[in-house]
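Following: one structure in structure tokens, then a few remarks.
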Amino acid sequence: MSNNFQLVGIDHQPFQALFDLPDEQLGKYDAKRCYATEDFGYPCRISLEDARVGEELLLLPYQHQTAATPYRASGPIYVRRGVQRRCLPVGEVPDYITRRLVSVRAYDAAHLMVAASICEGVCAASEIDAYFRRDEVAYIHLHNAKRGCFACQVLRA
């Protein structure tokens, strides 16, 4: 197994100002403020970590597949206040992924899905490696399989 990949969080900048809005204005963005009530269950798509009890988050829609293809897609995500985009070291798969059942979706350079599977998060690295051995795979998206929410993008390293 080569583990020649990198998991990347989403950009934090578009969300920073939203945290300063009153709750009634968040509704204009279909966003909802919440606070983590447990240490597992509030996965932040920016930091690639689960929020800790008491941390402030926003739950809001996010377009994770933006290309003009039949696979254009969006879904709900959590983002934590005060975190910055995290790019993990090459080959690292954090608890954020390993503790969940994940959907692994491989896309080509035209942003069309060319392969997909579901696996326990502890097996995600081997699934990712297998897909990146295929020349047509340009990038991968991981989703939390049970709720179907986007988790992160995986790039070739």
* Asked: Any idea which of Asp11, Asp20, Asp39, Asp30 is among the acidic types (Asp, Glu), modelled with pLDDT under 95 and either open to solvent by 40 Å² or more (accessible area, probe 1.4 Å) or under 14 Å from Arg81 (Cα atoms) (or both)?
  -> Asp39
* Structure fact -> Considering residues that are closer than 21 Å to Phe132 by Cβ, surrounded by 15 or more Cβ atoms within 10 Å (Cβ to Cβ) and among the aliphatic types (A, V, I, L, M), the number found within the stretch 74-100 is 3
* Is it the case that Val93 is in a loop (DSSP other than H, G, I, E, B), at pLDDT 95 or above and over 30 Å from Lys28 (Cβ atoms)? -> yes
* Cβ pairs under 6 Å, 6+ apart, first in the stretch 87-98 and closer than 18 Å to Ile10 by Cβ and of a type outside the set (Ser, Thr, Tyr), second surrounded by 14 or more Cβ atoms within 10 Å (Cβ to Cβ) and modelled with pLDDT of 95 or more -> Cys87/Val8; Leu88/Leu7; Val93/Ala124; Val93/Ala125; Pro94/Leu48; Ile97/Gly121; Ile97/Ala124
* **Criterion (touching a helix residue (DSSP H, G or I) at 6+ places or on another chain (Cβ under 9 Å) and open to solvent by 50 Å² or more (accessible area, probe 1.4 Å)) met by exactly one of Pro61, Pro70** => Pro61
* Structure fact -> The lone condition Tyr139 fails out of (1) open to solvent by 30 Å² or more (accessible area, probe 1.4 Å); (2) touching a residue at least 24 places away in the same chain (Cβ under 8 Å) is (1)
* Hey, any hits in the stretch 113-125 for a residue that's farther than 30 Å from Asp20 by Cβ and charged (D, E, K, R)? -> yes
* From the residues in the stretch 142-157 that are small (Gly, Ala, Ser) and open to solvent by less than 40 Å² (accessible area, probe 1.4 Å), which one is farthest from Leu60 (Cα to Cα)? -> Ala145
* Across the stretch 102-124, what is the number of residues that are of a type in the set (A, V, I, L, M), part of a helix (DSSP H, G or I) and surrounded by fewer than 20 Cβ atoms within 10 Å (Cβ to Cβ)? -> 1
* To do: Return yes or no: is Ala106 under 20 Å from Ala124 (Cα atoms) and modelled with pLDDT of 95 or more?
  => yes
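The values are calculated or read from the model by the stated rules, or taken from the named source; none is laboratory data. The shown structure was predicted, so the numbers you read here are calculated from the model rather than taken from an experiment. Quick reminder, even Gly has a Cβ in these numbers, built from the backbone with ideal geometry, and neighbours come from all protein chains shown. Heavy atoms of the whole protein, side chains included, go into the accessibility calculation; ligands, DNA and RNA do not. Shrake-Rupley method; radii C 1.70, N 1.55, O 1.52, S 1.80 Å.
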